[in-house]
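Just so you know, all these numbers are worked out from the coordinates, no wet-lab data involved. Bear in mind the structure is a predicted one, so any value in this text is a computation, not a measurement. Here Cβ is always computed from backbone atoms with ideal geometry, including for glycine, and neighbour counts include all displayed protein chains.
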Amino acid sequence: MAGKENKADLYTLSISTDYVPNSMKLVKSLQDICRSAILSRLTLQRIQQVADLPLPTIIKQFLCHFRIPDDFNLDGMFIDYNFNFPNHVHHKTHQIHPGKCLLGNQEVLIKSEHLNEPCALCNTIGNHTMVFEEEREKWRILRHRNLMNCYVGMVDYSSEIECFVLDFPKINLQDLSFRMYLSKIRSPEFLVWQLLFKLTDVLLYLQENGLTPWELCQPQHVVVSSDGEIKLENMLLYLPLKSGRHFSTEMISRNVCLFHSPEQTQGLSHGPETLVWGLGCILYEIIAPLPSTVAQSKFCYSFPPLVLHGQIRSEYSDDLQKVVRECLRVNLDNRPTLLELKSMSENKVQILGKSYTGPDSLLNLLPKCESFEFMETS
């Protein structure tokens, strides 16, 4: 059941931003037609295999010479993807574009960085990543079914723009839990255990590769893809980023503080135990009677979720309630380990899955959230 994992042999692709007259945009050469046909068969997931094709180097370079925005159907707009990230730099030097890729017409996120434009907010320039280059490279090459993967990295040296092509998220878990709350919809327990298994699986995979992404282990950074898969966001979305060693609670929003572990609020060092706390917050966000999005407007200070919200829904089993409470223990030494949580959740998924007949994923609950859609359009 574990997600397929491997390190991709990434190389840098190039970007062409040459001007093309409007009168020529509809005219495709035979080369372009062949290129489109090959790439559409190849798909974005296998783009790195171009280097292994039995073709001359010049043809390989032609296949991987992407044109922005033509190959990704960008609309020229950018979005601030998430306002709740610790020390996230919000400015036009770093933009995130939703788009569609020529390869299989797949929806993607394009993270662009203007490498040498000054940033007034972080008092540096884009090529100063503020994290170790080795760590940045890991986020580019790691592959896991439950990680928002970075498929390719591209650099246009003439304009000094670097782009990363990542999985496209349908909705994040915090937004989904809020919609479910408004529509009075409860997640089946099987899906909650499945969520825990998938997150522990990807977190252990990242930990094996020297990464402890405590910044991402929060409900707003877990997303559901268009095919219903649970994915942890990729840190490349938020670079440049100050290292966790320079993390300051004064620079972040109350929404993030809500999910801080006791060791974080006290300025202590954090490790795998902090990830376990984050998992407890994520689970609680799904099964709580009152999600943090609602409670946030009622309280001015940061409290542990169980203190702030009260008890867990009684409809869920004692085992699930116990796991959440153990993950949210103040003493980090008394919390379960990621390996223990993975083993327990995998066992529960196998047992419950034998008789489970409900929705295949949390995404299937979204169409039922009619109350929220009505409020948005009214």
**Fill in**
Cα gyration tensor of region 151-225 diagonalised, 5x eigenvalues square-rooted, in angstrom largest first, produces semi-axes 31, 19, 10
**Prompt:** How would you order 135-144, 163-172 from highest to lowest mean count of nearby Cβ atoms within 10 Å?
**Reply:** 163-172, 135-144
**Fill in**
Of 177-189, 344-356, ordering from highest average Cβ density within 10 Å down gives 177-189, 344-356
**Pairs from Lys111/Lys368; Lys111/Lys198; Lys138/Lys231; Lys111/Lys184; Lys170/Lys198 whose Cα-Cα separation, in the structure shown, is over 28 Å** = Lys111/Lys368; Lys111/Lys184
